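Before any comments, here is the structure.
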Amino acid sequence: MRPCESATAARGARVAALIVAFSLTACASGPGADPRDPLEPLNRSVYRFNDTLDAAVLKPVASGYRDLMPERVRQGVGNFFGNLQDVWSFVNNALQFKGQAALDSAKRVGVNTVLGWGGIFDVATEMDIEKHTRDFGHTLGYWGMAPGPYLVLPLLGASSLRDTAALPLDWKGDLVSSVHSVPVRNTAVGLRALDERSTLLKAGTMLEEAALDPYSFVRDAYLQRRRSVIYDGNPPDLEEPAASQPP
């Protein structure tokens, strides 16, 4: 088995273990729990762990990256990984039979790869080619799979049972995971995570200042945004937020 395949399999096994662990702790929820978040006590514990790790390591490193790297360099890094993301978005838009969105994703990859020097420059956006970011969790939701309980994953953060189950395939579809050289692959994964965290520094500060309960704010924002994207910005009104129906 190649290193990238073994790493993907190991990550899939860890995700499965997490799902089992979350399921076994469902009895920890109280009678007044949000029906979308029956594992709230456990989720809050994981949230505190992630928040502590972020404050001690990720945020300071991301702040240093933002302060030391010129903005154009950081923008090029984000564009490069965004171009790779468009490849997987094309696959998921095609799986959802969204012809125009799939065509836009394919055009973005072609234009940015050829004219944007491998994706470093986002020429497609300047040409008004719309970006339609989709992952396999979106695809499962589009075809009728309910999100299930809200989950907070170690290091990865906000998720749901459906989106967590989709992670192994999302990792498999990530072009970075197909890089054979382990040092190069790990460097790319680390750089992408660092760049993504640096873009959230301002939003994180606003969240800390504005939200009385950051955990609830992040949970509600995540669930609402995922549902909105699945229904292309027009979600139907439902009595039970967790019981999404196919479009």
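Brief remarks on what is shown
- Of the residues in the stretch 167-189, not one is surrounded by fewer than 19 Cβ atoms within 10 Å (Cβ to Cβ), under 28 Å from residue 65 (Cβ atoms), basic (Lys, Arg) and free of Cβ contacts under 8 Å to residues at least 40 places away in the same chain.
- Residue in the stretch 155-167 that is part of a loop (DSSP other than H, G, I, E, B) and among the aliphatic types (A, V, I, L, M) present: yes
- Of all residue pairs spaced 6 or more apart or on separate chains, those with beta-carbon atoms under 8 Å, a first member in the stretch 104-121 that is small (Gly, Ala, Ser) and a second member that is assigned to a loop (DSSP other than H, G, I, E, B) are 105/131; 105/132; 116/122.
- Counted as qualifying within the stretch 83-154 are the helices (runs of 4 or more DSSP H) with 2 or more residues that are within 30 Å of residue 34 (Cβ to Cβ) and among the hydroxyl-bearing types (Ser, Thr, Tyr), namely 136-142.
- Taken over the stretch 184-199, the criterion of being over 13 Å from the mean Cα position of the chain (by Cα) and not polar (S, T, N, Q) is satisfied by 184, 185, 188, 189, 190, 191, 194, 195.
- Qualifying positions in the stretch 117-153 - in contact with an Asp or Glu (Cβ under 9 Å, 6 or more places away or on another chain), crowded, with 21+ Cβ neighbours inside 10 Å and within 12 Å of residue 82 (Cα to Cα): 119, 124, 132
- So residue 140, is it closer than 23 Å to residue 194 by Cα and touching a helix residue (DSSP H, G or I) at 6+ places or on another chain (Cβ under 8 Å): no
- Residue match in the stretch 215-235 (condition: crowded, with 16+ Cβ neighbours inside 10 Å and modelled with pLDDT under 90): yes
- Residue 208 falls short on exactly one of the conditions (1) within 20 Å of residue 84 (Cα to Cα); (2) part of a helix (DSSP H, G or I); (3) not aliphatic (A, V, I, L, M), and that condition is (1).
- Within the option set 161, 155, being farther than 23 Å from residue 195 by Cα and among the aliphatic types (A, V, I, L, M) holds for one residue only, 161.
- Just one residue in the set 213, 220 is more than 16 Å from the chain's Cα centre (by Cα) and not small (Gly, Ala, Ser); that residue is 213.
One line per residue, one yes/no per condition, for (1) out of contact with any strand residue (DSSP E or B) (no Cβ under 8 Å at 6 or more places or on another chain); (2) modelled with pLDDT of 95 or more; (3) of a type in the set (Ser, Thr, Tyr):
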| residue | (1), (2), (3) |
| --- | --- |
| 170 | yes, yes, no |
| 173 | yes, yes, no |
| 176 | yes, yes, no |
| 184 | yes, yes, no |
| 187 | yes, yes, yes |
| 193 | yes, yes, no |
| 204 | yes, no, no |
| 207 | yes, no, no |
| 210 | yes, no, no |
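- Scanning the stretch 190-209 for residues that are among the basic types (Lys, Arg) and without any contact (Cβ under 8 Å) to a residue 12 or more places away in the chain turns up just one, 202.
The values are calculated or read from the model by the stated rules, or taken from the named source; none is laboratory data. These numbers come from a predicted model, not from an experiment. Positions of Cβ are generated from backbone atoms using ideal geometry, with glycine treated the same way; all protein chains shown enter the neighbour counts.
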